[in-house]
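Structure first, commentary second.
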């Protein structure tokens, strides 16, 4: 169950920020995923409830690019997957040699499931069947690409073993529909519009993971967790499908004004119903989830908010 703002004691009024009026850029993702509409909903809430701040959602390449945008100061707030945030903060993976120590978390938003989609008559029923096939691994610099690489490599498959196509969500759906690829990866909240639209024109199938494949992925990256894609999620999906999921985080630079961050975080929780109206994934946003899912320090303004709500931060989460 989500924590409603009324239970948190967050005041429902226009929050004044003791800072000069400013424009905020929110880095999101492609239009076929969840990041963009959710970021747009956040921008509307900020514009309506925080005095002197004008926010806008920007289309980007998603997680990896978003972290870089925060590091360069080209965006003020961004959404990124927890595995990418953890790698960036610690200088691992795609961020080896370019550690971003000023990265901070504002809140955890919702879990993202890695969904592997193929056509029902493709003959693909296991990730081992992807070898030698044309497969969309996600847009360049996206959390989908990072998660896909991690999942496959944890199970002995590299991008060299497949014909990797770096397509965004809409492009992946179009390529599957047209028979240009055999399968595609989505790392996105449920349900996602591009898969829903594909399922209305083609008979799709979700590729499940085995218990051993899930265990190998979790050993490789502890920011992931086992996850079940429920039957009926998409048209023609008659059974539950085993997958893995990764939290999505709202991030900013440690240099962002503490009072402004406190106002943003408290306002988003107070206006959670408005976010749910934009996309149902916002049901998963809660105080507890934010603390459980965050692998790096909170921003000072966010930490102050969560502690005001009685949350006990872990040592690695303190600013």
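The values are calculated or read from the model by the stated rules, or taken from the named source; none is laboratory data. As the structure is a computational prediction, the values presented were derived from the model and not from experiment. With ideal geometry, Cβ positions are generated from the backbone for all residues, glycine too; neighbour counts draw on all protein chains shown.
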Quiz item: Given the conditions (1) out of contact with any helix residue (DSSP H, G or I) (no Cβ under 8 Å at 6 or more places or on another chain); (2) within 20 Å of residue 241 (Cα to Cα); (3) touching a residue at least 40 places away in the same chain (Cβ under 8 Å), which single one is not true for residue 133?
Solution: (2)
Quiz item: For the stretch 137-236, list the strands (runs of 3 or more DSSP E) that sit wholly inside it and hold at least 3 residues that are modelled with pLDDT of 95 or more; which are they?
Solution: 163-165, 183-188, 204-206
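One residue is enough: does the stretch 194-210 have a residue meeting the conditions within 24 Å of residue 295 (Cβ to Cβ) and in the same structural domain as residue 119 (by TED's automatic domain parsing)? If you could, list the steps in order and put the result at the bottom.
Pass one, the stretch 194-210, residues within 24 Å of residue 295 (Cβ to Cβ): 209.
Filter once more, keeping what is in the same structural domain as residue 119 (by TED's automatic domain parsing): 209.
Yes, because at least one residue in the stretch 194-210 is within 24 Å of residue 295 (Cβ to Cβ) and in the same structural domain as residue 119 (by TED's automatic domain parsing).
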Exercise. Give the residue that is nearest to residue 83 (Cα to Cα), with candidates limited to residues of the stretch 286-312 that are at pLDDT 95 or above and part of a loop (DSSP other than H, G, I, E, B).
Key: 296
Practice problem: Identify the single condition in (1) buried (at least 22 other Cβ atoms within 10 Å of the Cβ); (2) assigned by TED's automatic domain parsing to the domain that holds residue 76; (3) within 21 Å of residue 29 (Cα to Cα) that residue 261 does not satisfy, given that it satisfies every other one. | Solution: (3)
Exercise. Tell me which residues, restricted to the stretch 287-305, are under 22 Å from residue 45 (Cα atoms) and buried (at least 22 other Cβ atoms within 10 Å of the Cβ).
Key: 290, 298, 299, 301, 302, 303, 305
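Which residues, counting only those in the stretch 226-243, are touching a helix residue (DSSP H, G or I) at 6+ places or on another chain (Cβ under 7 Å) and under 30 Å from residue 309 (Cα atoms)?
Narrowing the stretch 226-243 to residues touching a helix residue (DSSP H, G or I) at 6+ places or on another chain (Cβ under 7 Å): 226, 234-236, 242.
Listed by number, the list holds a single entry, 226.
Here are some residues: 216, 139, 154, 107. Which one is touching a residue at least 24 places away in the same chain (Cβ under 8 Å) and more than 21 Å from the chain's Cα centre (by Cα)?
On the way: 139 fails: more than 21 Å from the chain's Cα centre (by Cα); 154 fails: more than 21 Å from the chain's Cα centre (by Cα); 107 fails: more than 21 Å from the chain's Cα centre (by Cα).
Sole residue among the options that is touching a residue at least 24 places away in the same chain (Cβ under 8 Å) and more than 21 Å from the chain's Cα centre (by Cα): 216.
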Quiz prompt | Count of residues meeting criterion [more than 16 Å from residue 113 (Cα to Cα), out of contact with any helix residue (DSSP H, G or I) (no Cβ under 9 Å at 6 or more places or on another chain) and touching a residue at least 40 places away in the same chain (Cβ under 8 Å)] in the stretch 180-209 | solution = 1
